Amino acid sequence: MRDWLASLTREDKKIIGIDLKTVQLNWPLGMPQIRKLDREIWEVRSVLQGRNARVLFTVQRSSIIVLHGFIKKVRKTSKQDLRLAKTRSAQLGD
């Protein structure tokens with residue numbers, strides 16, 4: 001996740017940071033900002049300059065834990081991206 005964030009422009013990082021902060025301060029949220037993908041996985045939907053970013057996260061003990069981020073290239077979130085987020089979530093334990 002850190003490598004992906006480091007690859008983004010300063011403006012893109014700022015937009016994603018603001019969106020994550022909005023989620024953190026106003027949880028629970030729904031569409032259009034947040035979409036539930038799986039039982040314990042949600043996505044933050046960020047609109048960057050001419051493209052869309054997604055940050056997948058889970059919630060544990062009232063904390064939002066960021067699992068994966070990517071630039072969206074197709075309409076539906078790929079199974080590979082969702083699988084990676086699920087794997088990382090499972091590694092967290094309880």
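Nothing in this text is a laboratory measurement; each read-out follows from the coordinates by a stated rule. If you're wondering where the values come from, they're calculated on a predicted model, not measured in any experiment.
Given a 10 angstrom Cα cut-off, can you work out which residue in GLY50, GLY30, GLY69 is the most mobile in a GNM of the chain?
GLY50
Identify all lysines with a Cα-Cα distance to LYS36 below 18 Å; exclude those on the same chain that are fewer than 8 residues away in sequence.
List returned: LYS21, LYS72, LYS76, LYS79, LYS86.
Angle between the Cα long axis of helix 10-26 and the longest principal axis of the chain, 0 to 90 degrees, nearest 10?
Around 40 degrees separate the two axes.
Once every Cα of the chain carries one equal point scatterer and solvent is ignored, give the base-10 log of I(q)/I(0) from the Debye formula at q = 0.11, 0.22 Å⁻¹, two decimals.
Result of the Debye calculation: -0.28, -1.22.
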